[in-house]
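Chemist: Pasting a structure here, questions to come.
Throughout, read-outs are computed from the coordinates displayed, never taken from laboratory work. Model, not experiment: these values are computed from the prediction. Cβ coordinates were reconstructed from backbone atoms using ideal geometry, including for glycine residues, and neighbour counts include every protein chain displayed.
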Amino acid sequence: MRGWRAAAVLPLLSVPTQAADDAATVAYGCDDLVVVGRVRTLSYTDLSEEGDVLGHGRFALHVHVTRRLRGRPPGRYLAASRIGHSRLRHDRSFLMVLSPAADGYEIEEPHLWYSAWRPSIAPRCGTAPSNHGQGT
């Protein structure tokens, strides 16, 4: 690409796309926390099975809560885990639903926290469909 075409297209390539999440309402359970924060991966346990093309596993995480949206976290630093295909970036903030688990919290539905786009949060706990307990 040259000239004005490159100048017109490059900004579009750098804009995060949230097509699947544009109308998303983040649901949460009544015992869940909804927070914004950053995560650091502590360890990874492979859970892939034969034929699992992408692979997936359980990530043990350290969550630094920077903003509380629903619920009362017991502190600014929380132990959590998540099942997924890849780790969450440590240098980006995420909106996260944290469900209580035996070893801390399970991260449900992490969303990148952009200044220009943010998912809406259900007005009350348990008011919107959720995938809690499915490990996604």
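Chemist: In a shell of Cβ-Cβ distance under 14 Å around ALA79, excluding ALA79 itself, what net charge do Lys and Arg (+1) and Asp and Glu (-1) give? Let's see the in-between values first.
Modeler: On the way: positive: ARG40, ARG58, ARG76, ARG82; negative: ASP103, GLU106.
My count for the surroundings of ALA79 gives +2.
Chemist: So, one more: Taking the Cβ of ARG89 as the centre, find all other residues whose Cβ is under 14 Å away and add up their charges (Lys, Arg: +1; Asp, Glu: -1). Before the final figure, lay out each step's value.
Modeler: Values: positive: ARG38, ARG40, ARG82, ARG87, ARG92; negative: ASP91.
Taking every Cβ under 14 Å from that of ARG89, the sum is +4.
Chemist: Return CYS125, CYS30 ranked ascending by Cβ neighbour count within 10 Å, so the fewest neighbours appear first. Please list the in-between numbers first.
Modeler: Values: CYS125 16, CYS30 9.
The fewest-first ordering by Cβ neighbours comes to CYS30, CYS125.
Chemist: Order of HIS56, HIS85 from fewest to most other C-beta atoms within 10 Å? Please list the in-between numbers first.
Modeler: Values: HIS56 16, HIS85 12.
Going from least to most buried by this count: HIS85, HIS56.
Chemist: If you don't mind, another one. Quick check: net charge around TRP113, other residues with Cβ under 9 Å of its Cβ, Lys/Arg +1 and Asp/Glu -1?
Modeler: Details: positive: ARG67, ARG92, ARG118; negative: none.
Around TRP113, the charge tally is +3.
Chemist: In nm, what is the difference between 0.36 nm times the number of residues separating SER120 and ARG76 and their Cα-Cα distance? Please report the intermediate quantities before stating the final value.
Modeler: Numbers: separation 44, 0.36 × 44 = 15.84 nm, distance 2.27 nm.
Full extension of this stretch gives 13.6 nm more.
Chemist: Work out how much length LEU112 to ASP91 would gain on full extension: take 0.36 nm times their residue separation and subtract the Cα-Cα distance, in nm to one decimal. Let's see the in-between values first.
Modeler: On the way: separation 21, 0.36 × 21 = 7.56 nm, distance 1.09 nm.
Fully extending the segment from LEU112 to ASP91 adds 6.5 nm.
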